[in-house]
Amino acid sequence: MNKTQLREELFKKVFMKDFADMRNLDTDEQKLDFQEKELELSNEEQNEIEENYNKIFSIKKEIDNIIESALKGYKLAQLNEVDRAILIVAVFELIGKQTPQKVVINEAVKLAKKYGDVKSYKFVNGVLSGVLNKLDE
């Protein structure tokens, strides 16, 4: 599985947990892990997704603050769940600085086109541009 596919699977897992958290629902970690088993990911791929997932939720408040600082006229809780999960993964990658910024934004826009609504990709692109400005300050 390539990096794009791994990122997409990470996005799905983050989406499910964030969706449950925003609604104060219990998150069944076994269900989240089941997704990876169904895909028949290698141990290395499962570990990479799990490691990044755990890192995301260990710094989720920081990620949320960065996203919210780049939103114009919105609060994080107002965003649709798909856009929010895409932004969470993208900001995590931007903070980590292991993937070029252009690649992170391009991949986030692709996810928004695939999973979001008609305008999601423009919104995600705009917010991530704002995030980059905040991170460069």
Original post:
Quick check: is even one residue across region 102-110 of a type outside the set (Ser, Thr, Tyr) and under 19 Å from Asp21 (Cα atoms)?
Top reply: no
**OP:** Could you check, for region 65-80, whether at least one of its residues is farther than 18 Å from Lys3 by Cβ, loosely packed, with under 13 Cβ neighbours inside 10 Å and charged (D, E, K, R)?
**Re:** yes
**OP:** Determine which member of the set Tyr53, Tyr115 is open to solvent by less than 30 Å² (accessible area, probe 1.4 Å), of a type in the set (Phe, Trp, Tyr), more than 13 Å from Val131 (Cβ to Cβ) and under 14 Å from the mean Cα position of the chain (by Cα).
**Re:** Tyr53
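The values are calculated or read from the model by the stated rules, or taken from the named source; none is laboratory data. All values reported here derive from a predicted model rather than from experimental measurement. Reconstructed Cβ throughout: ideal geometry from the backbone, glycine too, with neighbour counts over all protein chains shown. Accessible surface is based on the protein model in full, side chains and every heavy atom, while ligands, DNA and RNA are left aside. Shrake-Rupley method; radii C 1.70, N 1.55, O 1.52, S 1.80 Å.
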